[in-house]
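Asker: Take a look at the following structure, please.
The values are calculated or read from the model by the stated rules, or taken from the named source; none is laboratory data. Nothing here was measured: the structure is a model prediction, and the numbers come from that model. Here Cβ is always computed from backbone atoms with ideal geometry, including for glycine, and neighbour counts include all displayed protein chains.
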């Protein structure tokens, strides 16, 4: 039996299931090409805003026990217009453009900037845990989510993904609102709002005080969320959160994801992590006699 790593997330078709998550190495076409050649099925850009953002002052990131990271970079980015010029000559790399904003008009304006670019999908960041008036504050407002998703869907024929996280309201409400508004797929989850304090200086370690926890510590939470979404709604899912090995990837597929995103693991394994995961998944598929990833998706829900 010939096994294939190709997968589909609704209308999005990828040769390989592991993609770069937003926020990591996400602002250079040269890097995108390197990642693609190294086994990434797609790359998700850093979250882009209507205007360039500088982000927060240092310290903005540090490692935590258990293989995780905490960051509050502040969504620093060059702005949608500038970034569109950076990728306008892209031909081969499947690029998913991540967007962040406060009102529907922000997203519509940014979508228009990419009309002449080769873009595979747009991912709406409805879940950043450490920037005020965007991210989780947007995702926690069902009416605003409805307006944003509807506006974006009416502004483009490119598939649209909603990235959800754990805010002050139940994330499944955000998922339902996004689905009812026409979203094509869900990415679950974003980093988890967290904090750390230096016992010597007795001060918060991050300049923003609060940040987003990523990496191995949040994987069980992400698995649970993917399983819950998959069990409740018929929507393609991209799993994200603490993935660093092929076993992690398989776990997300079994929970209901059709593809995965990798972020923090790049800090430990550089871009070889994509090839390592691809090889491991392919070997597992051969051992279990699966010819496609779709045959594995959601199998854990049988028990």
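Asker: Considering only the stretch 13-122, give the helices (runs of 4 or more DSSP H) lying wholly within it that have at least 2 residues that are without any contact (Cβ under 8 Å) to a residue 12 or more places away in the chain, under 29 Å from residue 278 (Cα atoms) and over 16 Å from the mean Cα position of the chain (by Cα).
Answerer: In the stretch 13-122, the matching helices (runs of 4 or more DSSP H) lie at 29-37.
Asker: If you don't mind, there's one more thing I want to ask. Mind checking which residues of the stretch 171-187 are touching a residue at least 60 places away in the same chain (Cβ under 8 Å) and in a strand (DSSP E or B)?
Answerer: Hits for the stretch 171-187 are 185, 187.
Asker: Among the residues of the stretch 75-86, which ones are crowded, with 20+ Cβ neighbours inside 10 Å and either at positive phi or in contact with a strand residue (DSSP E or B) (Cβ under 6 Å, 6 or more places away or on another chain) (or both)?
Answerer: Matches in the stretch 75-86: 75, 77, 80, 83.
Asker: Just need a number here: residues in the stretch 151-163 that are in contact (Cβ under 8 Å) with a residue 40 or more places away in the chain and either over 16 Å from residue 97 (Cα atoms) or assigned to a strand (DSSP E or B) (or both).
Answerer: Qualifying residue count, the stretch 151-163: 3.
Asker: Touching a strand residue (DSSP E or B) at 6+ places or on another chain (Cβ under 9 Å), surrounded by fewer than 18 Cβ atoms within 10 Å (Cβ to Cβ) and over 24 Å from residue 218 (Cα atoms): is that true of residue 57 in this structure?
Answerer: no
Asker: On to the next question. If a residue has to be modelled with pLDDT under 95, outside any helix (DSSP H, G or I) and on the phi < 0 side of the Ramachandran plot to count, how many in the stretch 255-271 make the cut?
Answerer: Residues meeting the conditions: 3.
Asker: Residues to consider are 274, 252; find the one that is part of a helix (DSSP H, G or I), within 14 Å of the chain's Cα centre (by Cα), modelled with pLDDT of 95 or more and closer than 23 Å to residue 13 by Cα.
Answerer: Result: 252 is the single residue among 274, 252 that is part of a helix (DSSP H, G or I), within 14 Å of the chain's Cα centre (by Cα), modelled with pLDDT of 95 or more and closer than 23 Å to residue 13 by Cα.
Asker: Identify, by number, the condition in (1) under 23 Å from residue 261 (Cβ atoms); (2) modelled with pLDDT of 95 or more; (3) out of contact with any strand residue (DSSP E or B) (no Cβ under 9 Å at 6 or more places or on another chain) that residue 170 doesn't meet.
Answerer: Here residue 170 meets the rest and fails (2).
Asker: Going through the stretch 209-240 one residue at a time, which ones are within 19 Å of residue 168 (Cα to Cα) and either outside any helix (DSSP H, G or I) or out of contact with any helix residue (DSSP H, G or I) (no Cβ under 7 Å at 6 or more places or on another chain) (or both)?
Answerer: Scanning the stretch 209-240 gives 209, 210, 211, 212, 213, 214, 218, 221, 222, 224.
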